[in-house]
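Every read-out reported here was derived from the displayed coordinates using simple, explicitly stated rules and does not represent laboratory data. These numbers were taken from a predicted model, which means no experiment stands behind them. Methodologically, a virtual Cβ is constructed for each residue, glycine included, from the backbone with ideal geometry; neighbour enumeration extends over all protein chains shown.
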Amino acid sequence: MTAPTLLPRTAPVPSWGSSVLVMALRNRAALMCDAELRRLSARVPELDARARDEVGMTVQRVVDAFIGGDLGQRVARDAGLAEALRVLFSLDPSGGRS
């Protein structure tokens, strides 16, 4: 297996654009969060609704911290970053997962 070739930093962002890539990343994160929260509920069924909601909000804040800020602008300027995110998280423009 060969490692994917990353685009040079001076190359334009892939044709589907930085905003679509960030949205795909958010969609992928949402799928992962939902799956992990369901897993937590199954493993700890005695967790009450208030605690479950608090855990969900905590997880969302962590995701927002990683994906928020100026990520879209950074991806728009850096094709290497865009390609790395696409490969690392198996993103595609149609919904966040290939």
Can you compute the charge dipole magnitude of region 18-88 about its Cα centre, using +1 on each Lys and Arg Cβ and -1 on each Asp and Glu Cβ, nothing else charged? Give it in debye, rounded to the nearest 20. 160
Checking the a/c ratio against 1.5 first, then a/b against b/c, what shape does the Cα gyration tensor give for region 18-88? prolate
Highest mean first, what order results for 43-50, 67-74, 24-31 on Cβ atoms within 10 Å? 24-31, 67-74, 43-50
